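Data first, discussion second: the structure below is written as structure tokens.
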Amino acid sequence: MPEAADSHIVIGTIEDNPSVSDWAQHIEDAMDDLPPSGNGDLPGTLTLTDNYPLDRTLVLSPRTFLRGNWNVSHHQGSSPGLHVNDQSTFVGDWVVEWEDADDGNYSNFGAGVENIHVTGYGDLGGVKYRGAQQAAGLTNLFVRGFCPLEETGTRIGLQVGGDTWSGTNIFLDPGTGPSFTRSGATGLYLGSAQAYSLTFRNVTVHNCQEAVRWNNLQSCRFDNLETEICEWPLVQEYNSSMLTFDTCSFRHTDNLIDMRKTKWYDTTSIRLHGMMNDNNPAVIKISDNTGSNELTTSEPSRFDCVIEKRTGRPTNWTNRRIV
């Protein structure tokens with residue numbers, strides 16, 4: 001049985017629990033022993049001591065924190081975390097997801113991850129998460145194996161939302177084998193609702209059609225974002241305001257950002273600073289507020305620019321003196 005101490009519960013190893021056949025249910029039952037908050041949410045920490053096989057989506061309370069008891073590594077077998085047991089019989093759209101807060105305000109205080117490796121298979125999303133304020137956040141999270149098999153399914157490694165939390169040391173890869181672009185895969189998706197005041201540091205996305213995609217993103221910052229073999233490092237679906245991408249490295253692509261719709265011209269502002277590691281110019285596509293009249297421009301391989309409206313519609317303005 002799990003060991004409970006106030007707001008901290010340790011999940012035992014697979015070897016020590018030979019009778020457990022449904023690890024999602026076992027972890028959720030252990031979570032139910034956390035002291036509830038006033039609205040019934042379950043604030044506290046679940047510590048994982050193994051890499052557990054799941055037959056369905058693990059659903060966590062809006063305020064529950066998931067922590068591995070040793071440092072995560074690149075591979076599933078040497079990391080604490082969760083993995084899909086049988087792709088053909090798995091039930092759900094995600095390996096793990098957090099519920100929305102019961103108060104209706106999406107107040108996922110304290111929810112988060114530290115030292116967790118998640119592995120899915122096929123048309124299945126990895127992690128669906130929403131956080132609120134500084135006690136929430138994602139640290140040392142690896143998500144792999146969300147490679148699309150057909151034109152169905154979620155195909156997102158990490159979907160996030162909320163406000164005023166940070167993500168650090170995150171690795172996203174839809175494959176678990178050879179490196180190539182997986183059509184239809186998105187590494188990090190910030191949506192589908194508005195997200196704001198988020199900071200990401202040291203994030204790597206490999207082998208996706210879209211590395212980072214967002215819907216309506218406000219006042220967010222990315223430092224040291226690295227993508228490799230991703231067709232589009234950055235994709236905007238709807239709107240942006242006061243975004244910063246600093247010291248980025250984009251490998252094995254000619255593309256930088258695809259702004260598929262630019263809803264509000266006057267507030268659009270995206271600062272882009274970094275390099276195209278193959279030394280090619282960086283392609284930028286900007287559509288208008290109807291999603292049409294696409295403008296295609298470029299920046300030098302070492303780019304420092306801002307996309308904003310100065311006259312007419314938004315376009316890119318270079319800050320570097322040497323172009």
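Since every read-out is calculated from the coordinates, none of them should be taken as a lab result. Predicted, not measured: the structure shown is a model, and the values here were computed from it. Don't worry about glycine lacking a Cβ; one is built from the backbone with ideal geometry, like all the others, and counts go over all protein chains shown.
Miscellaneous remarks
- Inter-label distance, nm, simple model (7 Å from Cα along the C-beta direction), Ser88/Trp70: 3.3
- Inter-part distance where segment 230-298 and segment 46-87 are each reduced to a Cα centre, Å: 34
- For segment 180-323, average projected area of the Cα convex hull in nm²: 7.8
- Sequence-distant residues sharing a close amide H with Phe200 (under 5 Å, placed H): Gly167, Arg221, Phe222, Asp223
- Residue by residue, segment 217-234 carries 3J(HN,Hα) couplings of 10, 10, 6, 10, 9, 10, 10, 6, 7, 10, 10, 9, 6, 10, 4, 10, x, 10 Hz when phi is fed to the Karplus relation 6.51 cos²θ - 1.76 cosθ + 1.60 (θ = phi - 60°); x denotes Gly or Pro.
- Computed label-point distance, nm, for sites Arg302 and His8 using a 7 Å Cα→Cβ extension: 4.8
- Taking only the C-alpha atoms of segment 104-245, Rg followed by Dmax gives 13.9, 43 Å.
- Length-normalised contact order of the chain in % [C-alpha pairs under 8 Å, at least 6 apart]: 8
- Calculated on the alpha-carbon coordinates, the convex hull of segment 31-125 measures out at 101 cubic angstrom per residue.
- Per-selection metrics, the chain (Cα): Rg and Dmax in Å: 20.2, 68
- Note on the chain: lysine pairs with Cα distance below 20 Å, sequence gap of 8 or more or different chains, count 5.
- Taking the DSSP beta bridges with both ends in the chain, the antiparallel portion is around 15 percent.
- Taking θ as phi - 60° and the Karplus parameters 6.51, -1.76 and 1.60, the scalar couplings of segment 123-129 work out to 6, 8, x, x, 10, 10, 9 Hz in sequence order, x denoting glycine and proline.
- Quarter of the Cα convex hull surface for segment 213-267, i.e. its orientation-mean projected area (nm²): 3.7
- By the helix-only formula, in which each DSSP H run with n ≥ 4 contributes -39500 (n - 2.57) and the sum is divided by residues, the chain has a 222 nm mean residue ellipticity of -1000 deg cm²/dmol.
- In order along segment 257-269, the Karplus-derived 3J(HN,Hα) couplings, from 6.51 cos²θ - 1.76 cosθ + 1.60 at θ = phi - 60°, round to 8, 10, 8, 6, 7, 10, 5, 10, 4, 5, 9, 5, 7 Hz, and Gly and Pro are given as x.
- Gyration tensor (alpha-carbon) shape descriptor, segment 276-323, a/c threshold 1.5: oblate
- Stokes-Einstein D in µm²/s, Kirkwood radius over Cα pairs - segment 197-239 at 10 °C with 1.306 mPa s viscosity: 146
- Separation in nanometres of the label points that stand 7 Å from Cα toward Cβ, at Asp22 and Gln133: 3.4
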